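Structure record follows, encoded as structure tokens.
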Amino acid sequence: MLKGYAGKLLFVNLSTGEIKREDLSEELARNFIGGYGIGAKILYEMMPKGADPLGPESVLGFLTGPASATKALFGGRYTMVHKSPVTGGWNDSNSGGYFGPELKRAGYDGLFIWGIAEKPVYLYINDENVEIRDASHLWGMDTTKVWDALKKETEEPKLRVTAIGKSGENMALLSCPINDGHRAPGRGGGGAVMGSKKLKAIAVRGTREIQVANPKRLAEINRNIREKMKNSPSADSFGTYGTGGGTAASALSGDSPVKNWAGVGITDYGEENAHKVSSQSMDRYKTRKYACSYCPLGCGAVYSVDDGRWPIEETDRPEYETASAFGSTLLCNEEDAIIKCNDICNLYGIDTISTGMTIAWAMECYNKGILSKDELDGIDLTWGNGDAIVELTQKIADGEGCGKVLSNGSAYAAKKWGKGEEYLVTASGIELPMHDPRFAPGLARTYQYDPTPGRHVKGGVGSLQMGGSEPVDKYIYEDTGELDVKLTSTREIVNVASLCIFGRVGMSSTTQNEFIEAITGMEFGPEESFKTGLRIFTMRHAFNLREGFKPSDFTLSNRSVGKPPLESGPLAEVTVDNELLARNFFDSMGWDFETGNPKLGVLKDLGHLEDVIEDLYG
Amino acid sequence: MKVKYKYIGIPIPSLGRETKEVALEANATVNDLLILLERDINGQHKDIFKTANFLVNNSRASLDTPLSKGDMIWIFTVLGGG
């Protein structure tokens, strides 16, 4: 077996209580690496076509990657995989903190859970001891209280926990688990999947050491990263202010959405407001910083708010996505409201991006007279009203009143209430994150056609246009396919290796390959990496194809691509040719743009996709 | 000719975030302004400008955009991806 892996996969059937361990095959590790690579391969095998994402056949996976728990810098991520109850297709979402490395140190590269428990349960993993335990006493608790309760109950102060709050228990589509008190694989409805299984939490304690193939080489790569970071103002900024250090620049430059994507930052939101909701300003509440496992940056911080309308003894600094979703997107400049909303989302287990965006949709509908005050339970949802935003966030978290509908997201609410569809800003039903394709046009292709739609952490030319290492001419749409495919593959490998994308402040475009070689001992040069990244991308895509999706089923709201274009500001007159971007990408992938099917020769060349070939070509 | 500029983004202490005024040659472009600013910061953070975005009088601009007397130039560096 390759080095750098725990060597086991854990399978838990909550309907029968069966727990089994299987060896991680070397073939699976070599060809799908980890994270959603292995996750997609196994879910393709385990889940039948058309399985209800909230039913017993739905399989929920938690996966680490080779970099996890090995001292590789930036290797603290884990990935949750499942069929999304939001989009109806493939879903992966990743999170930092310490939960992932702890799972791997317990001996498992991945954990797969299916079935439905008869009553609320939590999964307790302490090295080889794995138990399904009663969680009736935890049901209704917020995510931090669950963590505290489980540490006491198990007498394991170093226990790591990922848990749903009330929102996940309600199977709300905005819900997600929270690990380490504040980190979240937030997107795509994973909290609802856990809630549907009556799985309140997963508690892990692991004590094993992970052996790597070449410790000296690993240390050398780490040294190179630290050396590069010494001269990086970006690293300084991330380490001091976190991602929220970029909030003002993003809001004013056109990167962030403003006023539910219909506004212009520099005129509708303004410089003063943009600075007010950035970390540089909000850090007056900062009491300490924190870092994920083996992270030399430490982009996290703890706040203590002792003034304003919502004092909080201890909470977490809003990240950029949160500050933007509850800030410029809602025209809100009230930082105490943004911090409070972030806190509610963490405690109740809901995705800050989709929650902010769902409120933005409701806010526009309210201000245009499409939703009435009565329909919003008397909340005066005028643009920027912090009191109203906090009140509505709490209703969404509780799933009460209008919050019961809105807790399932904006697309669900528009359908349920039969109005406001024209003001949705979504990709295949999930709210878009806080980077605007009119600012970085390549994001249109990524948001619409990545097998996990609507994600800013997936690869493509959009990632370069947002602020990569080299300048690019953003508004040329011809001949983007080859670069788009290359960057997509690169990001796949970063993600499945369990590395953080912000490692780029010290990593080069090939460091992830160097890490994999040093950790596992296998040869993993640029060609092998490229091919493996595309194989993993294709595996995720194949999951959607088997569900019956065609490219035309993947949607992206017109407003996000400038149809019609904004009339003023930095994004004035921009209309993204997302169809051309997509056709370029599909051509370069060797995929048919009408059916979405990869050509047989392409699948054979990528290799290790026999199951996909069988399903598509017999 | 004199133009005004403001830098917002990855912190560069010598640039601050205040509006500043600078004299440029007639027919100068955004790129000429950057060359001047790079001198001010001793090249230490020169690479940051490689990925900067610009506005001139609140409209999208590029390195080649010509400047006129009294123009207001915004220089942004976006962290991206967070």
Among the numbered criteria (1) open to solvent by 50 Å² or more (accessible area, probe 1.4 Å); (2) of a type in the set (A, V, I, L, M, F, W, C); (3) outside the structural domain of A:HIS82 (by TED's automatic domain parsing); (4) at pLDDT 95 or above, which one does A:LEU2 miss?
(1)
Can you find a residue that is under 19 Å from the mean Cα position of the chain (by Cα) and closer than 20 Å to A:ILE202 by Cβ anywhere in segment A:18-34?
yes
Only one of these conditions is not met by A:PHE515: (1) in a helix (DSSP H, G or I); (2) surrounded by fewer than 22 Cβ atoms within 10 Å (Cβ to Cβ); (3) at pLDDT 95 or above. Which number is it?
(2)
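Quick one: in segment A:562-590, which of the residues that are assigned to a loop (DSSP other than H, G, I, E, B) and open to solvent by less than 20 Å² (accessible area, probe 1.4 Å) is farthest from A:ALA542 (Cα to Cα)?
First pass over segment A:562-590, keeping only residues assigned to a loop (DSSP other than H, G, I, E, B): A:562-565, A:567-571, A:573-577, A:590.
Going one step further and asking which of them are open to solvent by less than 20 Å² (accessible area, probe 1.4 Å), we end up with A:562, A:569-571, A:574, A:576, A:590.
Working: A:GLY562: 30, A:GLY569: 40, A:PRO570: 38, A:LEU571: 35, A:VAL574: 33, A:VAL576: 27, A:GLY590: 14 Å.
Once the filter is applied, the top-ranked residue is A:GLY569.
For segment A:13-66, how many residues meet the condition of being of a type in the set (Lys, Arg) and out of contact with any strand residue (DSSP E or B) (no Cβ under 7 Å at 6 or more places or on another chain)? Outline the logic, then answer.
Our first condition is that a residue be of a type in the set (Lys, Arg); within segment A:13-66, this holds for A:20-21, A:30, A:41, A:49.
Checking which are out of contact with any strand residue (DSSP E or B) (no Cβ under 7 Å at 6 or more places or on another chain) leaves us with A:30, A:41, A:49.
The number of residues fulfilling the criteria is 3.
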Given (1) in contact with a Gly (Cβ under 8 Å, 6 or more places away or on another chain); (2) open to solvent by less than 60 Å² (accessible area, probe 1.4 Å); (3) free of Cβ contacts under 8 Å to residues at least 60 places away in the same chain, identify the lone condition not met by B:ILE12.
(1)
Determine the pairs where a residue that is under 27 Å from A:LEU609 (Cβ atoms) and in contact (Cβ under 8 Å) with a residue 60 or more places away in the chain, located within segment A:546-562, has a partner that is of a type in the set (D, E, K, R) and assigned to a loop (DSSP other than H, G, I, E, B) with Cβ atoms under 6 Å apart, the partner being 6 or more residues away or on another chain.
A:ARG546/A:LYS49
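Any idea which of A:PHE74, A:PHE62 is assigned to a strand (DSSP E or B), assigned by TED's automatic domain parsing to the domain that holds A:ARG183 and under 20 Å from the mean Cα position of the chain (by Cα)? Spell out how you get there, then give the answer.
Details: A:PHE74 fails: assigned to a strand (DSSP E or B).
The conditions single out A:PHE62.
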For segment A:366-379, indicate whether the set of residues that are open to solvent by 10 Å² or more (accessible area, probe 1.4 Å), out of contact with any Cys (no Cβ under 9 Å at 6 or more places or on another chain) and among the aliphatic types (A, V, I, L, M) is non-empty.
yes
Of all residues in segment A:272-329 being of a type in the set (Lys, Arg) and assigned to a helix (DSSP H, G or I), the one that is nearest to the other protein chains (Cβ to nearest Cβ)
A:LYS276
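State the number of residues belonging to segment A:307-345 that are among the polar types (S, T, N, Q) and closer than 16 Å to A:THR143 by Cβ.
Residues of segment A:307-345 that are among the polar types (S, T, N, Q), as a first pass: A:315, A:322, A:324, A:328-329, A:333, A:342.
Narrowing further to those that are closer than 16 Å to A:THR143 by Cβ: A:315, A:322, A:342.
Number of matching residues: 3.
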Scan segment A:286-331 for residues that are charged (D, E, K, R) and touching a Pro at 6+ places or on another chain (Cβ under 9 Å) and jot them down.
A:GLU321
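For segment A:254-271, name all the residues that are of a type outside the set (A, V, I, L, M, F, W, C), surrounded by fewer than 24 Cβ atoms within 10 Å (Cβ to Cβ) and within 13 Å of chain B (Cβ to nearest Cβ).
Here is the first cut: in segment A:254-271, the residues of a type outside the set (A, V, I, L, M, F, W, C) are A:254-257, A:259-260, A:263, A:265, A:267-271.
Add one more test, that the residue is surrounded by fewer than 24 Cβ atoms within 10 Å (Cβ to Cβ), and what stays is A:259, A:263, A:267-268, A:270-271.
Of everything in segment A:254-271, those that are of a type outside the set (A, V, I, L, M, F, W, C), surrounded by fewer than 24 Cβ atoms within 10 Å (Cβ to Cβ) and within 13 Å of chain B (Cβ to nearest Cβ) turn out to be A:THR267, A:ASP268, A:GLY270, A:GLU271.
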For segment B:27-44, does any single residue satisfy the condition of being at the interface with chain A (Cβ under 9 Å from one of its Cβ atoms), open to solvent by less than 60 Å² (accessible area, probe 1.4 Å) and at negative phi?
no
Hits in segment A:11-47 - residues which are over 13 Å from A:TYR108 (Cβ atoms), of a type in the set (D, E, K, R) and outside any loop (DSSP other than H, G, I, E, B)
A:GLU26, A:GLU27, A:ARG30, A:LYS41, A:GLU45
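I'd like the full set of residues that are within 14 Å of another protein chain (Cβ to nearest Cβ) and farther than 19 Å from A:SER279 by Cα, limited to segment B:7-26. Explain how you work it out, then say what you get.
Initial filter on segment B:7-26 (within 14 Å of another protein chain (Cβ to nearest Cβ)): B:7-19.
Of everything in segment B:7-26, those that are within 14 Å of another protein chain (Cβ to nearest Cβ) and farther than 19 Å from A:SER279 by Cα turn out to be B:SER14, B:THR19.
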Pull out all pairs, ordered by first then second residue, where Cβ-Cβ is under 8 Å, the residues are six or more apart or on different chains, the first lies in segment A:488-505 and is under 15 Å from A:ARG226 (Cα atoms), and the second is of a type in the set (Ser, Thr, Tyr).
A:PHE502/A:THR243; A:GLY503/A:THR511; A:ARG504/A:SER469; A:VAL505/A:SER232; A:VAL505/A:SER234
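Would you say A:LYS395 is in a helix (DSSP H, G or I) and either away from chain B (no Cβ under 14 Å) or touching a strand residue (DSSP E or B) at 6+ places or on another chain (Cβ under 6 Å) (or both)? Steps first, answer last, please.
On the way: in a helix (DSSP H, G or I): yes; either away from chain B (no Cβ under 14 Å) or touching a strand residue (DSSP E or B) at 6+ places or on another chain (Cβ under 6 Å) (or both): yes.
For A:LYS395, the condition - in a helix (DSSP H, G or I) and either away from chain B (no Cβ under 14 Å) or touching a strand residue (DSSP E or B) at 6+ places or on another chain (Cβ under 6 Å) (or both) - is met.
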May I ask you to list pairs of residues, at least six apart or on different chains, whose Cβ atoms are under 9 Å apart, with the first in segment B:48-61 being within 8 Å of chain A (Cβ to nearest Cβ) and surrounded by 22 or more Cβ atoms within 10 Å (Cβ to Cβ) and the second being of a type in the set (Phe, Trp, Tyr) and assigned to a loop (DSSP other than H, G, I, E, B)?
B:ASN53/A:PHE439
Return a yes/no flag: does segment A:244-252 have any residue that is open to solvent by less than 60 Å² (accessible area, probe 1.4 Å), in contact (Cβ under 8 Å) with a residue 12 or more places away in the chain, among the hydrophobic types (A, V, I, L, M, F, W, C) and not assigned by TED's automatic domain parsing to the domain that holds A:GLU313.
no
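Taking A:TYR241, is it more than 30 Å from A:GLY429 (Cα to Cα) and not in a helix (DSSP H, G or I)? Quick ask: steps written out before the conclusion?
Values: more than 30 Å from A:GLY429 (Cα to Cα): yes; not in a helix (DSSP H, G or I): no.
So A:TYR241 fails the test.
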Checking A:PRO215 against (1) within 15 Å of A:SER279 (Cβ to Cβ); (2) open to solvent by 10 Å² or more (accessible area, probe 1.4 Å); (3) not acidic (Asp, Glu), only one condition comes out false. Which one?
(1)
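Report yes if some residue within segment A:505-518 is of a type in the set (Gly, Ala, Ser) and within 23 Å of A:MET80 (Cβ to Cβ); otherwise report no. Steps first, please.
To start, the set of residues in segment A:505-518 that are of a type in the set (Gly, Ala, Ser) comprises A:506, A:508-509, A:518.
So of that shortlist, the ones also within 23 Å of A:MET80 (Cβ to Cβ) come out as none.
For segment A:505-518, residues of a type in the set (Gly, Ala, Ser) and within 23 Å of A:MET80 (Cβ to Cβ): absent.
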Out of contact with any strand residue (DSSP E or B) (no Cβ under 9 Å at 6 or more places or on another chain) and among the acidic types (Asp, Glu): does that describe A:GLU547?
no
Count, please, the residues in segment A:43-82 that happen to be open to solvent by less than 10 Å² (accessible area, probe 1.4 Å) and among the basic types (Lys, Arg).
0
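The values are calculated or read from the model by the stated rules, or taken from the named source; none is laboratory data. Just so it is clear, the structure is predicted and the values come from calculations on it, not from any experiment. Counting neighbours? That spans all protein chains shown, and the Cβs are built from the backbone with ideal geometry, glycine included. These accessible areas exclude ligands, DNA and RNA; they are computed on the full protein's heavy atoms, side chains included. Shrake-Rupley method; radii C 1.70, N 1.55, O 1.52, S 1.80 Å.
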